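In what follows, a single structure is set out as structure tokens and then discussed.
Nothing in this text is a laboratory measurement; each read-out follows from the coordinates by a stated rule. Since the structure is predicted, the reported quantities are computational estimates derived from the model, not experimental observations. Virtual Cβ from ideal backbone geometry, glycine too; neighbours counted across all protein chains shown.
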2 protein chains.
Amino acid sequence: MNQERLHLPKGYTYAATYAGIRKKPADDLALIVSEPAAAAAAIFTTNRVKAAPVLVSMQHLAASKGKVRAVMVNAGNANCATRTGEAVASETSAACAALLGAPVEQVLPSSTGVIGMELDGAKITAKLPALVAALSPASLPQVADAILTTDTFRKLETRRVKLSGGTVRIAGITKGAGMIHPNMATTLSFVMTDAGLPAASLKRLLREGADQSYHCMSIDGDTSTNDTLLLMANGASGVKVAKDDEGAFRKALFSLLRDLARMIAHDGEGAKHLITIRIRGARNDGDARRLGRAIANSPLVKTAVAGCDPNWGRILAAAGYSGVEFNPAKVSIRLQKTLVCRNGLLAPFEEPPLIAKLREPEVEIDFQIVGGGTGECTFWTCDFTEDYVKINADYRT
Amino acid sequence: MNQERLHLPKGYTYAATYAGIRKKPADDLALIVSEPAAAAAAIFTTNRVKAAPVLVSMQHLAASKGKVRAVMVNAGNANCATRTGEAVASETSAACAALLGAPVEQVLPSSTGVIGMELDGAKITAKLPALVAALSPASLPQVADAILTTDTFRKLETRRVKLSGGTVRIAGITKGAGMIHPNMATTLSFVMTDAGLPAASLKRLLREGADQSYHCMSIDGDTSTNDTLLLMANGASGVKVAKDDEGAFRKALFSLLRDLARMIAHDGEGAKHLITIRIRGARNDGDARRLGRAIANSPLVKTAVAGCDPNWGRILAAAGYSGVEFNPAKVSIRLQKTLVCRNGLLAPFEEPPLIAKLREPEVEIDFQIVGGGTGECTFWTCDFTEDYVKINADYRT
């Protein structure tokens, strides 16, 4: 990622450092600050077991009526299933708020890493003064790196959008991938824009955008205790998103969210293939997502792709148990654009050239209900390789 | 399995032969005949994509009002997503019925194997006369072998139950395990008893028995297009299950169904561990099953067990996304009877001895919501090993 090409939204500064939370001496504590406070909308994990920072962030957002001055993120410890969890999340937020001169409820804590181990808040508070002193707009890439766990590459995207009132910028960073032990594939995503947007619009845009991006991405179907997707808009560009501008802003935001989500699927542990599943002809977009999710989460489909096996029967069967009603006799399936199933039956194809195409790093599964509805989605996942099992099984032994 | 010890129900005869449906020259066509016709109850796959023999069997059972003279099973071809599928299933059933002098609707076809390839009905009809001629009560083990696909061992259980009117017998055979390509983990199960039971009781017993056995077992969460669980009662013992006897009969039947389901989990492809998940303290048994299923199907839990990793955080998190409401702060988790999580928090334990215990071939996960409801279940699954991925990925390449 070439820093010169980044479109950095105004009013945001960033800093990261190593606080000794993870063993590997790489930055594990990051701060994102907005001046002025940003309007914010968030989507948190639906897991019944929520990490302390998720619970505290939900309380803070409610108390601040969706205003955010700072996000404080640590990697290496999820602060989940911990005795002192909420106290640590609250006290470190308060320390950060004091340094920034902000109300505590405008600081959101966020964590990813090991679960079931106490997080030492002193390690965080000791580093906060230096972090605040180091805040700079140019440190966004450093922050993008600090939030990674087992990810193998940085996930940072920016956009510039010309609106009727001027230009606004959007920046997003994310992490995912890692399913090492005892972690899960926690997804964190922080998206900052200097556009001005009312809270109601932000919420709606985030929900709709997530439906086309993060809700259409899965590594292994497990939902983490810490998942957080946060969208902030501080208006520092001086440009408000007018009614007529919303389409353009929406397009840029959604494309950024999709690129971030796709990068997570691409970086699945041990994955050899990024799998893009296109669903068409479902009754509605919700049905399309359920079909995409069932195919994406099928271990049989994922291992078939790992083995470059054009095994369309597994795809049809996974769709069949998705819970979505459809007529199997209307289904067409294409692998790498080669028709392998028509009307629910084998469409004769030559295996060797298709197997060769399945060796490419990106595999496309096209599932269409011919003559069906207008529901569609694009879903991303990755294959299951022997390395996935190795990475996830061999940590302690 | 020692044949001398089998308790063979009266009135049933069996035969199996090689009909050339699968490549490996091992029996692939089996016949189970009841004289007189048995009352029957069945549970078929909930997959939206149903194989032709499932559709035809559903029609036959409806037409015969639940009377079954014969079950005709082939392995090697699932007769699913096939152009000629229903015609082949109907015609071979008719040929079998003619040989037995039975109405066609009293013959149920059943298939397991490759999907998307036409099944040659002539291979079946050519062998039917010899099969009928060979029918014998002693051939049950041979039939149990003929229905296997990638299973590594025979799955056959029998029971003898003393009731007030005399002794009745129950025999059950099953197959599962195999998730080779392009098959799925089709589960077939055929249970025969010589007790006399009305259709309504059979249906209820099968549903309740399945809830404690087949519905509490999962290899990889994929639901096949061919799954079939059939219970037949022909009354040939002359003993009816009286009101007061139902408890004893039920106990024997459920224990047989549980043993069959457990054997399937034990024989999961590439599996090194049979995993038994005990859930207690759920609001009801349905919630308990949902918790068990979420834990059983989590790739992160399954790979942790493969690696003998006492990773209770993954178990708690999988329960958290099961959709069941519970208080995480009330959860206790035991691995191999060692307490690893109390009140949702780490319960300090010594790792080396627990890791040693996790190397045993059977692993028990005990998940309890302390002070919760009376809902409970025992759920069986197996671990995910590198061999699972190998077996499921490397077929064609």
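Brief remarks on what is shown
- Inter-copy label distances at B:Thr374, shortest first and taken from points set 7 Å along Cα to Cβ: 5.3 nm.
- Think of the stretch B:149-305 as a dipole: +1 on every Lys or Arg Cβ, -1 on every Asp or Glu Cβ, centred on the Cα centre; then among B:Phe249, B:Ser189, B:Gly176, B:Phe249 lies furthest on the positive end.
- Every Cα-Cα pair in chain B was counted, and those over 38 Å apart are 22% of them.
- With neighbours defined as other Cβ atoms within 10 Å of a residue's Cβ, the residues B:Cys308, B:Cys216 order from fewest to most as B:Cys308, B:Cys216.
- Starting from the label point of B:Lys251 at 7 Å along Cα→Cβ, the same points in the other copies fall at 7.3 nm, in ascending order.
- Theoretical gain in end-to-end length, B:Thr84 to B:Thr152 [0.36 nm per residue, Cα-Cα removed]: 21.4 nm
- Estimated D of the stretch A:171-270 in µm² per second, where Rh is the Kirkwood radius over Cα pairs and Stokes-Einstein applies at 25 °C, 0.890 mPa s: 172 µm²/s
- Whole-Å distance, taken between Cα centres, linking the stretch A:300-375 and the stretch B:317-348: 39 Å
- Whole-number D in µm²/s for the stretch B:274-393 (Stokes-Einstein; Kirkwood sum over Cα pairs; 37 °C, 0.692 mPa s): 231 µm²/s
- Förster radius 25 Å - calculated FRET efficiency between A:Gln59 and A:Ala134 (Cβ-Cβ, nearest 0.05): 0.35
- Between the stretch A:1-42 and the stretch A:182-238, the alpha-carbon center distance in angstrom: 16 Å
- If you wrap the stretch B:80-223 in the convex hull of its Cα atoms and look at it from every side, the mean projected area works out to 10.5 nm².
- Of all chain B residues, the closest to the B-onto-A rotation axis by Cβ, with that distance in whole Å, is B:Glu386, 2.
- Relative frequency of Cα-Cα separations exceeding 17 Å in the stretch B:1-75, percent: 60 percent
- Förster radius 22 Å - calculated FRET efficiency between B:Ser255 and B:Thr374 (Cβ-Cβ, nearest 0.05): 0.55
- Value of Rg to Rh for the protein assembly as shown, rounded to two decimals, is 1.03; Kirkwood radius and Rg both from alpha-carbon coordinates.
- In this structure, A:Asp387 and B:Glu246 have a Cβ-Cβ separation that, at R0 = 45 Å, corresponds to a calculated FRET efficiency of about 0.30.
- Exposure proxy ranking for A:Thr82, A:Thr338, based on other Cβ atoms within 10 angstrom of each Cβ and starting from the fewest, stands as A:Thr338, A:Thr82.
- Couplings for the stretch B:240-256, taken from phi via the Karplus curve 6.51 cos²θ - 1.76 cosθ + 1.60 with θ = phi - 60°, read 8, 7, 6, 3, 6, 8, 4, x, 5, 5, 4, 4, 5, 4, 5, 5, 5 Hz in order; Gly and Pro are left as x.
- Between A:Glu364 and B:Leu339, the modelled labels are 5.7 nm apart [label points 7 Å from Cα along Cα→Cβ].
- Shortest-first distances to equivalent copies, position B:Met58, nm, label 7 Å out along Cβ: 4.0
- Convex hull volume per residue, computed on the Cα atoms of the stretch A:39-138, equals 105 Å³.
- Contact order normalised by residue count of chain B, Cα under 8 Å, 6+ apart, percent: 17 percent
- Between B:Glu350 and B:Lys24, the simple spin-label model (points 7 angstrom out along Cα→Cβ) gives 4.4 nm.
- The ranking of A:His273, A:His215 from fewest to most other beta carbons within 10 Å of each one's beta carbon is A:His215, A:His273.
- Inter-site label distance for A:Ala122 and A:Asn327 at 7 Å from Cα along Cβ, in nm: 7.0 nm
- Loop exposure criterion: GluC sites (Glu not before Pro), DSSP state outside H, G, I, E and B, at most 11 other Cβ atoms within 10 Å. Applied to chain B, the longest stretch between such sites is B:1-324.
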